[in-house]
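Accompanying notes for the structure given below.
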Amino acid sequence: MDHAADVPDVFDPRIYAEGIPHARYRILRERHPVAWQAEPEIGGWPAGPGFWAVTRHADVVRLLRDHRTYSSWTGATQIRDPDPADLPFLRRTMLNQDPAKTSGDHGRLRRLVARAFTPARVDAFAGRVRERARTLLAAARDGAEDGAADLVRTVTDEYALLNLTDLLGVPPGDRALLLEWTVRVIGYQDPEDAPAPLLGPDGKPLNPRSPALLGEMFAYARELAAHKRAHPGDDVMTALAEARLDPAELEMFFFLLTVAGNDTVRSAAPGGLLALAQAPDAYRQLAGGKVPVERAADELLRVHPPVLSFRRTAAADTELAGQPIRAGDKVVVFHASANHDERVFTDPGRLDLGRAPNPHVSFGDGPHVCLGAHFARLQLRTLYEEWCAAMPAPELVGPPRRLVSNFINGITRLPLRVSGPPR
């Protein structure tokens, strides 16, 4: 398939270091809503066969809901093809399963996590989450040099990590391990954010999601589960340890919760603060109580979704938005594009903190919609409330740095003013 001359590239992870490519997405939505993308070798990562980029909201929702036509199981959910030898391993997690293909495993595993992540259990952490937001913001403010601080380093990384490890029941001394594993898996496309990749015998980088590179994390998951069986608590790992999962399922649950559970808020929180810093009038509305914080948090998620893309594989010949798609083709949804689709959102480039309705797809849709969305929303609402109560209006004092990634919409540095009068 030829890559048409007027079809902009939205694959290259280096593009996203400059910001979400809204102009490119707009061209795709208007002219090529299902557009073929080349997949060249970049940064030592091998070339791939290419894929279809899906950028309109209606098509993204249709694809995410239709698990029979668009499979997570066939080729997993990352743009890059996994090593075929790793596929059986990757299919152990519910993220890479299809309700139609896995003999009930997907539904059984989702029900287990839903029981572990009950709203009551999550809401019981609300007071602890609020106190952590206050403590971290106060420490950033009091320890700032020249009235400024990098909010990623001083607040949001710790905030996301410690909230998650509280919910999981990870001992305090072990918590830094979870951030290290998250950075290794999420930041692998970014030469500054992640450690140098390990190389295989062919000199090519090894996929950080391959089982060969996750042994340390899996061993820890088994040890923690054994500890929870002997010393149960009111936490998610106790619930999973007592759920009679087989060892491989337990390991993959821990992997999914550690990486996805941490990085959702780790990406969304600084992204929301950056959006507020760039829209001072909107911030004043929020700080003045003129918009509900629940709506504001959803609008900030719309403009800064934590995940940029998810892949499916066509299970049969089909058609989407008039474009024929062959069985076996990769089909990739782009969340930030769908969230800015003019067919759904009025004036999508404007930060409207009171926007309603707001059917963004930042937490996905269909059978794989994010099970941790309630906990993520709680953390984001609380952080914004505490910022408005105690901090000055967010103001950039230097350029932010974005993650080099076509998967995670990460912010790796966010220098903001942190001292001065509130609001």
Of the conditions (1) more than 30 Å from Q379 (Cβ to Cβ); (2) in contact with a His (Cβ under 7 Å, 6 or more places away or on another chain), the single one that L308 does not satisfy is (1)
Kindly evaluate E18 against the criterion of being touching a strand residue (DSSP E or B) at 6+ places or on another chain (Cβ under 9 Å), open to solvent by 50 Å² or more (accessible area, probe 1.4 Å), farther than 22 Å from P359 by Cβ and modelled with pLDDT of 90 or more. yes
**Asked** Hey, any hits in the range 268-275 for a residue that's under 23 Å from L63 (Cβ atoms), within 15 Å of the chain's Cα centre (by Cα) and not basic (K, R)?
**Response** yes
(message) Being part of a loop (DSSP other than H, G, I, E, B), open to solvent by less than 30 Å² (accessible area, probe 1.4 Å) and either farther than 19 Å from D317 by Cβ or polar (S, T, N, Q) (or both): is that true of P8 here?
(response) yes
Being modelled with pLDDT of 70 or more, assigned to a helix (DSSP H, G or I) and touching a Gly at 6+ places or on another chain (Cβ under 6 Å) narrows L178, L164 down to just L164
Taking the range 12-41 and keeping residues out of contact with any Pro (no Cβ under 7 Å at 6 or more places or on another chain) and β-branched (V, I, T) leaves I20, V34
When the range 354-373 is checked residue by residue, the ones that are in a helix (DSSP H, G or I) and touching a residue at least 24 places away in the same chain (Cβ under 8 Å) are G366, P367, H368
Quick count over the range 375-403, residues being at pLDDT below 95 and in contact with a Lys or Arg (Cβ under 6 Å, 6 or more places away or on another chain), is 0
Filtering the range 195-227 down to residues that are modelled with pLDDT of 80 or more and open to solvent by less than 20 Å² (accessible area, probe 1.4 Å) yields M217, F218, A221, L224, A225
Note on L378: of the conditions (1) part of a loop (DSSP other than H, G, I, E, B); (2) under 28 Å from P280 (Cβ atoms), unmet is (1)
Test T165 against the stated conditions and say whether it is open to solvent by 10 Å² or more (accessible area, probe 1.4 Å), out of contact with any strand residue (DSSP E or B) (no Cβ under 9 Å at 6 or more places or on another chain) and of a type in the set (S, T, Y).
no
For helices (runs of 4 or more DSSP H) lying entirely in the range 34-127, having 1 or more residues that are closer than 21 Å to L256 by Cα, at pLDDT below 75 and open to solvent by 50 Å² or more (accessible area, probe 1.4 Å) picks out 105-116
Reported set for the range 282-305 where residues are charged (D, E, K, R) and part of a helix (DSSP H, G or I) is R284, E294, R295, D298, E299, R302
Considering the range 293-336, residues that are of a type in the set (V, I, T) and open to solvent by less than 10 Å² (accessible area, probe 1.4 Å), and then whichever is nearest to H22 (Cα to Cα), we arrive at V333
Checked against (1) hydrophobic (A, V, I, L, M, F, W, C); (2) open to solvent by less than 10 Å² (accessible area, probe 1.4 Å); (3) part of a helix (DSSP H, G or I), A248 satisfies every condition except (2)
Check your understanding: Taking the condition part of a loop (DSSP other than H, G, I, E, B), among the hydrophobic types (A, V, I, L, M, F, W, C) and open to solvent by 40 Å² or more (accessible area, probe 1.4 Å), does V344 pass?
Key -> yes
Taking the range 386-414 and keeping only residues that are farther than 13 Å from S267 by Cα and either surrounded by fewer than 18 Cβ atoms within 10 Å (Cβ to Cβ) or among the small types (G, A, S) (or both), one is left with A389, A390, P392, A393, E395, L396, V397, G398, P399
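The values are calculated or read from the model by the stated rules, or taken from the named source; none is laboratory data. Nothing here was measured: the structure is a model prediction, and the numbers come from that model. Every residue, glycine as well, gets a Cβ built from its backbone with ideal geometry; the counts of neighbours run over all protein chains shown. Surface accessibility is based on the protein's heavy atoms, side chains included, excluding ligands, DNA and RNA. Shrake-Rupley method; radii C 1.70, N 1.55, O 1.52, S 1.80 Å.
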